[in-house]
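Novice: Pasting a structure here, questions to come.
Please treat every number below as a calculation from the coordinates, not as lab data. On a predicted model such as this, the values are computed, not experimentally measured, just so you know. Glycine also receives a Cβ, built like all others from the backbone with ideal geometry; neighbour counts cover every protein chain displayed.
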Amino acid sequence: MKAGLIGWPGSGRDTIFSALTKLSRPPFSASEPRQGEALVPDERLDFLNTRFQPQKCTPARVEFFLPHPPGHPKEALKISLEKIREVEVLLLTLRNFPDLNATEIKPATEIVELETELILNDYLVVEKRLERMTEEQKRGRKNDLEELELLTMAKIELEAGRPLRRDPIFARHTRLRNFAFLSAKPLLVILNNADDDEKSVDLGGTWPQVVVRGRLEEELATLAPEDAAEFLAGYKLTEPASARVIREVYHLMGLISFFTVGEDECRAWTIAAGETALEAARTIHSDIQKGFIRAEVVAFEDFKVAGSLAEAKKRGASRLEGKTYVVADGDIIHFRFNI
């Protein structure tokens, strides 16, 4: 999964990126996009790793992408939005700390301005496509009526100043996927606070938010594990920012994890809630999906009580499921397949 960071220059995007990925900042003049990742924390995978002692333990990962264009704030943001279309979720950074220029702190205003930019960007994409479809029709080419209807509906929403993510038909419809509408993507606000400020802000809307004390978290990301634990306790933090942001992203996008286990590897896999065993098999490899026979499933909590797969099977906690079984969060799955 790939998350993109956006925000006005000066909002602390580099600070937040470093806090999330543990990557050091680039030179001040750098203009290349930054990419990094963070491991998805999961105590269940830690438990499985302890039980199986595999050669390898592989957590799920979240990729973070930060466009880094130079120039005037409006122009820089415009370039950022074009570069960020392929991400699955937007992390919008808002400044909530005093700066050296004594610029007014106004996150509630900036979120509206940034949302407006997303809506305007999508509106221009829709308008351009509709104009092209009109020209093609004049030349005798038949329009795709479903696409035309969807784009016309989208234009109405955007003209009214409403982001497309409010309606699932725009956010998820396969016919609109290639447009990569920005206002249709899930959006999480990262409120970048001062070192001594833990409070959230009323943004006057329905945007979910995570409060991050950016400079503290950036410093935390550079520490060794034993020092990090002491640092967390000293600032009354229960976990680093990356864990909180990832958890909110999973919740926002409706994501769950299932596990595969064994002596070779214990691994967490990310899928959307509601996906079937057949779709989960594809997440691992298309050959497993093609040759799918059955899924042997044990719920994590049942495994934890039993202590082993063999004991879970004795207790009747292990079951065989077919292609249409809806995977539950925390399922331990062994796929039987033949190719």
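Novice: What pairs from K128/K290; K83/K106; K56/K236; K2/K314; K22/K56; K2/K138 go past 30 Å between their alpha carbons?
Specialist: K128/K290; K56/K236; K2/K314; K2/K138
Novice: Using only C-alpha positions, report the orientation-averaged shadow area of the convex hull of the chain, nm², one decimal. Please list the in-between numbers first.
Specialist: Working: hull surface 86.9 nm².
Over every viewing direction, the Cα hull of the chain projects on average to 21.7 nm².
Novice: With a/c under 1.5 counting as rounded, go ahead and sort the stretch 81-136 into rounded, prolate or oblate using the C-alpha gyration tensor (a ≥ b ≥ c being the square roots of the eigenvalues; past the cut-off, prolate if a/b is larger than b/c, else oblate).
Specialist: Details: a/c = 3.99, a/b = 2.60, b/c = 1.54.
Verdict is prolate for the stretch 81-136.
Novice: Picking from F65, F292, F258, which is most flexible by a Gaussian network model of the chain using Cα springs under 10 Å?
Specialist: Result for the chain, Cα springs under 10 Å: F292 fluctuates most.
Novice: OK, next. Calculate for the chain the 222 nm mean residue ellipticity that helices alone would give, adding -39,500 (n - 2.57) per DSSP H run of length 4 or more and normalising by residue count, nearest 500 deg cm²/dmol. Walk me through the intermediate numbers first.
Specialist: Values: 13 runs with 139 residues, N = 339.
One gets -12500 deg cm²/dmol as the mean residue ellipticity at 222 nm.
Novice: Nearest 0.05, what FRET efficiency do Y235 and Q53 give at R0 = 35 Å with Cβ-Cβ as r? Can you show the working numbers first?
Specialist: Values: r = 35 Å, r/R0 = 0.99.
That pair, Y235 with Q53, gives E of 0.50.
Novice: Between L39 and R294, how many nm apart are label points set 7 Å from Cα along the C-beta direction?
Specialist: Placing both labels 7 Å along Cα→Cβ, they lie 3.5 nm apart.
Novice: Then there is this: Which order do the peptides 223-234, 295-306 come out in when sorted by mean C-beta neighbours inside 10 angstrom, highest first? Can you show the working numbers first?
Specialist: Values: 223-234: 11.2, 295-306: 18.2.
Descending mean neighbour count gives 295-306, 223-234.
Novice: Could I have the simple spin-label model distance between D197 and E147, label points 7 Å from Cα toward Cβ, reported in nm to one decimal?
Specialist: 4.7 nm
Novice: D99 to R315: FRET efficiency via 1/(1 + (r/R0)^6), r the Cβ-Cβ distance, R0 51 Å, to the nearest 0.05? Could the numbers behind the result be given before it?
Specialist: On the way: r = 60 Å, r/R0 = 1.17.
So the FRET efficiency works out to roughly 0.30.
Novice: Same structure, new question: Could you give the dipole magnitude of the stretch 274-337 about its Cα centre, charging the beta-carbon of Lys and Arg +1 and that of Asp and Glu -1, in debye to the nearest 20? Walk me through the intermediate numbers first.
Specialist: Values: 10 positive and 10 negative charges, 62 e Å.
Approximately 300 debye in magnitude.
Novice: May I pose another question? Over all directions, what mean area does the Cα convex hull of the stretch 274-337 project, stated in square nanometres?
Specialist: Working: hull surface 15.9 nm².
Averaged projected area of the stretch 274-337's Cα convex hull equals 4.0 nm².
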